[in-house]
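What follows is a short report on a single structure.
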Amino acid sequence: MIDRIFHVLLLRHGVTDANLHGIVQGHSPVPLNAQGIEQSRRLAARIARYVPKVQKLISSDLVRAMQTAGQIHLSTGLPIEPDAGWRERGMGELEGKAADIWSAVKARDDMQPRGAELPHDHHQRVLKAFLRLPEQCKGIDCVAVVTHGGTMWNLLNMFNEHVLPLKVGHPMLDLANSPNCGLTHLIGELSGGQWVWRVHTLNDGSHLMNITQRDSG
């Protein structure tokens, strides 16, 4: 017997100039660019008509996520509930630098950027944020969470053995396949005190059709 069905929409923030130029952002206060704002408006319009109806809006407290959530607020009237648990991983001294520097660091397991959040700490923070959602959303059927590509990648890879019919390394779990302002829809079913999760929609950017070509042209 299913006691509760709970829908979680994971929404990646809109694009920034740093995204386009391969710059590590981490916790830096990087704003959306014009394309990111338009992406957010498209996403907001979709969320406003989404079924099931979104009843709560949570966002990472970083600027680019809050700006994206701001468009959803304008479209739905839902107040934004900032939650630092949904932040991107802090990258310390690498923030503001080209992403290829980070690739070189990742190639060595014994190195981490000075001042960066440890991978284990990021993992635990994201897991805690996700697991507390049902309690945060008592009496609510559907919540939207505006977050970050790395955070979503972390969460989906964390749960893929139980939630996704995909193995680690599958292209659909690659961060490159998670478009800015893309939508991932998770459905949780509570039975006997245990949550079972499945993916209804993964990295869906259908609401963003032709936006890049139009804005860059």
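Bear in mind these aren't lab numbers, they're just calculated from the coordinates by the rules spelled out. Just so you know, these numbers come straight off a predicted model, no measurement behind them. Methodologically, a virtual Cβ is constructed for each residue, glycine included, from the backbone with ideal geometry; neighbour enumeration extends over all protein chains shown.
Some notes on this structure:
- Residue count, the stretch 99-132 (criterion: touching a residue at least 40 places away in the same chain (Cβ under 8 Å) and over 21 Å from residue 65 (Cα atoms)): 3
- Residue within the stretch 43-54 that is assigned to a loop (DSSP other than H, G, I, E, B) and touching a helix residue (DSSP H, G or I) at 6+ places or on another chain (Cβ under 7 Å) present: yes
- Number of the exception - residue 45 against (1) over 25 Å from residue 112 (Cα atoms); (2) of a type outside the set (Phe, Trp, Tyr); (3) within 16 Å of the chain's Cα centre (by Cα): (3)
- Answer from 52, 29 - the residue that is free of Cβ contacts under 8 Å to residues at least 40 places away in the same chain, of a type outside the set (Phe, Trp, Tyr) and surrounded by fewer than 15 Cβ atoms within 10 Å (Cβ to Cβ): 29
- Scanning the stretch 65-78 turns up at least one residue that is in contact with a strand residue (DSSP E or B) (Cβ under 9 Å, 6 or more places away or on another chain), under 22 Å from residue 203 (Cβ atoms) and of a type in the set (Gly, Ala, Ser).
- Residues located in the stretch 55-85, provided they are within 15 Å of residue 12 (Cα to Cα), among the charged types (D, E, K, R) and surrounded by fewer than 23 Cβ atoms within 10 Å (Cβ to Cβ): 61, 83
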